[in-house]
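See below for the structure under consideration.
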Amino acid sequence: MEEKREAECVTKNRQNWKQKLKAYKRTPFSFVLMLTVLLSAAFTVFVVAYLVLYILGSGLPYLSLDLFAWKYTSDNGSMLPAIINTILLTVIALLLAIPMGVGAAIYLVEYAKKGNRLVNIIRITAETLSGIPSIVYGLFGMLFFVYALNWGRSMIAGIFTVAIMVLPLIMRTSEEALLSVPDSFREGSFGLGAGKLRTIFVIVLPSAMPGILSGIILAIGRIVGETAALMYTSGTVSEVAKGLFSSGRTLALHMYSLSREGLHVNQAYATAVVLLLVVLIINGISGVIAGKLTKK
């Protein structure tokens, strides 16, 4: 029985390929487009695989326990203070950006009138802010948070800077996720007697959570890999921040500083390996959570 099924599958695949070839002979331009798409996908996979393998090959031989010492010295090049600062900065920045971004998306989708000029202005502004280079955010943070508010180069200045930087990203992805929820869900909830607020938090938000979570994942990746904006705001002190108004470097900024000095290039590659693993772990955990929410 299994052999017959395999044979049937093989014959079906052959027939499908023959039909596709006939269709491509009739429309050669479609065949060219298919080849272009396949080559683009293969090139993208090759570049990503090459970068990952190059980083692992260059950094894994230099990973040691000295790189995870509590205090950074010019001898060990420890990255542990930078890891702690990265976690602290990322968590607090997300606590600021997620409620504002998701709340703004809820207003735009659920409360604002369709065709409202204010909504169009907010969307255009958010899309414009998403395309601004991070160094511009860094200069703004330095002028406003560091000098105008007199916070100095501190973690709090870096937190507010990156929170503003990822806010448009979270808002736009959350808005698209809320728009993808069918109106029948809302109508069914209203028909059962639920109010507007209860419908949003019980029906709409759980349905849109996978899309919202994907935006949060992108925001985490941007915060973790940020250097330019934090260089001018949080500073480059190579120790664990003693408080929100103390300076401290993140993992990406630590890697940049090591490579810029030219004395700890091997340690910089090892830091890149840890940074890559952190991003992969975050994406993996978020993907598992999104999959579970989608099944529910």
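The values are calculated or read from the model by the stated rules, or taken from the named source; none is laboratory data. Please read all numbers here as calculations on a predicted model, not as lab measurements. As a convention, Cβ positions derive from the backbone with ideal geometry for all residues, glycine included, and neighbour counts pool all protein chains shown. Ligands, DNA and RNA are excluded from the accessible area calculation, which covers all protein heavy atoms including side chains. Shrake-Rupley method; radii C 1.70, N 1.55, O 1.52, S 1.80 Å.
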Original post:
Restricting attention to region 170-204, and to residues there that are buried (at least 19 other Cβ atoms within 10 Å of the Cβ) and within 20 Å of the chain's Cα centre (by Cα), which single residue is nearest to Ile124 (Cα to Cα)?
Top reply: Arg172
Original post:
How about region 183-296: which helices (runs of 4 or more DSSP H) wholly inside it have at least 3 residues that are under 26 Å from Gly131 (Cα atoms) and in contact with a helix residue (DSSP H, G or I) (Cβ under 6 Å, 6 or more places away or on another chain)?
Top reply: 205-224, 228-231, 251-261, 265-295
Original post:
Quick check: is even one residue across region 268-275 free of Cβ contacts under 8 Å to residues at least 60 places away in the same chain and open to solvent by 50 Å² or more (accessible area, probe 1.4 Å)?
Top reply: no
Subject >> Matching option when the condition is within 19 Å of Leu213 (Cα to Cα), assigned to a helix (DSSP H, G or I) and either open to solvent by less than 50 Å² (accessible area, probe 1.4 Å) or not basic (Lys, Arg) (or both), among Val119, Val91, Val136 >> reply: Val91
**OP:** Can you tell me which residue within region 66-88, out of those that are hydroxyl-bearing (Ser, Thr, Tyr) and more than 13 Å from Gly248 (Cα to Cα), is least open to solvent (accessible area, probe 1.4 Å)?
**Re:** Ser78
Original post:
Just one of Asn120, Asn116, Asn76 is modelled with pLDDT of 80 or more and among the polar types (S, T, N, Q); which is it?
Top reply: Asn120
Subject >> Single match in Asp66, Asp75 (criterion: assigned to a loop (DSSP other than H, G, I, E, B) and over 18 Å from Ala241 (Cα atoms)) >> reply: Asp75
Original post:
In the list Ala163, Ala157, which residue meets the criterion of being among the small types (Gly, Ala, Ser), in contact with a Gly (Cβ under 9 Å, 6 or more places away or on another chain), open to solvent by less than 60 Å² (accessible area, probe 1.4 Å) and in contact (Cβ under 8 Å) with a residue 40 or more places away in the chain?
Top reply: Ala157
